[in-house]
Amino acid sequence: QQSGIQGVYPLWGSTPEQITEEFLALEYKTVIVTVDGTRLSSDYLGKTVDTQLLDNLPDGIDRCAEFGEFHTFCTYGPMFQQKIEIYQGKQWADGRNHYIDFMLK
């Protein structure tokens, strides 16, 4: 408030289900690039985020990954001029976090 900037919080009051349904309906395409190995298996690395994946996440994993369970990379969305073409590289870990490298095609 002191800076004169007003925050806009369009997601407050929405459920993770509402947010992810809208996100997917807008045709965003994302892949999982990092997982917290204490919360989610590294088997999720490289998976495309879609309704089936979200509906089958283990108990206690937030669909929006609000607790750092996983991180994604967006390859396409309404504001993109074209899809970002990528391919998977190696998987690696640095303790609890597991990663997968992606390269441009």
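Using a Cα-Cα cut-off of under 16 Å, which aspartates and glutamates could be cross-linked to LYS29, ignoring same-chain neighbours fewer than 8 residues away?
GLU21, ASP50, GLU85
If you line up the long axis of helix 16-25 against the longest principal axis of the chain, both from Cα atoms, how many degrees apart are they, to the nearest 10?
80
Of GLY4, CYS74, VAL31, whose Cα points farthest to the positive end of the dipole of the range 1-75 (charges on the beta-carbon: +1 Lys, Arg; -1 Asp, Glu; origin at the Cα centre)?
The one lying farthest along the dipole's positive direction is GLY4.
Calculated from the structure, volume of the Cα convex hull per residue in Å³ equals which of (1) 141; (2) 111; (3) 158?
This structure yields the entry labelled (3).
Rolling a 1.4 Å sphere over the protein heavy atoms, what is the accessible area per residue of the chain, to the nearest Å²? Each step should come with its number before you reach the end.
On the way: 7540 Å² over 105 residues.
For the chain, the solvent-accessible area averages 72 Å² per residue.
Tell me the carbon and sulfur percent of the accessible area for the chain, rounded to whole percent, probe radius 1.4 Å.
Numbers: 3700 of 7540 Å².
Using a 1.4 Å probe with all protein chains present, the chain comes out at 49 percent carbon and sulfur.
Residue separation times 0.36 nm, minus the C-alpha to C-alpha distance between ILE84 and MET103: what's the value?
Length difference between fully extended and current span is 5.8 nm.
The values are calculated or read from the model by the stated rules, or taken from the named source; none is laboratory data. The shown structure was predicted, so the numbers you read here are calculated from the model rather than taken from an experiment. All Cβ positions, glycine included, derive from the backbone under ideal geometry; neighbour counts span all protein chains shown. These accessible areas exclude ligands, DNA and RNA; they are computed on the full protein's heavy atoms, side chains included. Shrake-Rupley method; radii C 1.70, N 1.55, O 1.52, S 1.80 Å.
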